Amino acid sequence: MSYLIFIVLILLKISKINYFLTKCCKKVELYEDIAIDFFDKIIKMNYYECFISDYTTLFDFSLDDEQVVEKIKNIYGIEPYSDLVLANIFDK
């Protein structure tokens, strides 16, 4: 009996994780083309080789300095929000 309960709890946890993953990435997915270009030009990384969510920031890539912000301004003509959340940058 306890083995069955254990399996049910694991399945519930997996379903919650899947729900989170499908809900947390929606905004980023809307800007996939922009994200691919941004990752190539700014982050210098392949967009498809990492996981990003709507809450991923430039801080997560250790790219939170003024040089990176200036590069974003020069390439994309936008002023990033101070939180440096990628989804918000793509939204601009």
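Every number here is computed from the coordinates shown, using simple stated rules; none is lab data. In this text, all values refer to a predicted model and were calculated from it rather than measured experimentally. Cβ coordinates were reconstructed from backbone atoms using ideal geometry, including for glycine residues, and neighbour counts include every protein chain displayed.
A few notes on this one:
- Positions within the range 34-67 being hydrophobic (A, V, I, L, M, F, W, C) and in contact with a Phe, Trp or Tyr (Cβ under 9 Å, 6 or more places away or on another chain), in sequence order: Ile34, Ala35, Ile36, Phe38, Phe39, Ile42, Ile43, Met45, Cys50, Ile52
- Checked against the criterion of being among the small types (Gly, Ala, Ser), touching a helix residue (DSSP H, G or I) at 6+ places or on another chain (Cβ under 6 Å) and farther than 15 Å from Ile34 by Cβ, the range 53-65 contains one or more residues that satisfy it.
- Listed by position, the helices (runs of 4 or more DSSP H) contained in the range 32-92 that have at least 2 residues being under 13 Å from the mean Cα position of the chain (by Cα) are 32-38, 86-91.
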